[in-house]
Every structure is written in C-alpha cells, then in structure tokens.
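What follows is a set of notes on a single structure, which appears directly below.
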Amino acid sequence: MQKISPHKNKPSPFSRIMRKGQEKTNYKARNGKLLMLMSEEDHARIAKLISKWLAQDETNP
C-alpha cells in the first residue's frame, strides 16, 4: 500500500535558501571542493594548536 503525501518531491525551505545563495555567489562544484579541502586543513591546525595548549597547561600547574 502506497502512502499519499501532499509534499511530493517538494524541496525543503533550507534547500531553497541554499540554492538561491549558490546562484547569487556563482557557486561552482570545483570551488566548493577547494574550500572544503582548505577548511579540513584548518581543522587539523586548530586541533594541533589546542593539543599544544593542553600540553602546556599540564606542564605548568
């Protein structure tokens, strides 16, 4: 038995906002991949910095 849904293939409000934003900024998949790559590297640097601070706190009570 198939359920009847009033929202057949209707995008969510969030999806519509994201699509509009991408159109305004001329988003391209290639640029998105580059930004994701750069942000992943930033996360690694931030994690190293936090671990360094924690190590310093342990040595200096």
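Residue 52 contributes about 120 Å² of solvent-accessible surface, heavy atoms of the protein only, 1.4 Å probe. For the chain, the ratio of Cα radius of gyration to the globular rule of thumb 2.2 N^0.38 Å stands at 2.07. Positive contributions from Lys and Arg (+1) and negative ones from Asp and Glu (-1), summed over other residues with Cβ under 14 Å from the Cβ of residue 13, come out at +4.
In degrees from 0 to 90, rounded to the nearest 10, what is the angle of the helix 13-24 Cα long axis to the longest principal axis of the chain? Its long axis makes an angle of about 80 degrees. For the chain, the share of accessible area belonging to carbon and sulfur comes to 60 percent (1.4 Å probe, ligands and nucleic acids excluded).
The values are calculated or read from the model by the stated rules, or taken from the named source; none is laboratory data. All values derive from a computational prediction rather than experimental measurement. So basically every Cβ, Gly included, is an ideal-geometry build from the backbone, and we count neighbours across all protein chains shown. Heads up: the accessible areas ignore ligands, DNA and RNA and are worked out on the full protein's heavy atoms, side chains in. Shrake-Rupley method; radii C 1.70, N 1.55, O 1.52, S 1.80 Å.
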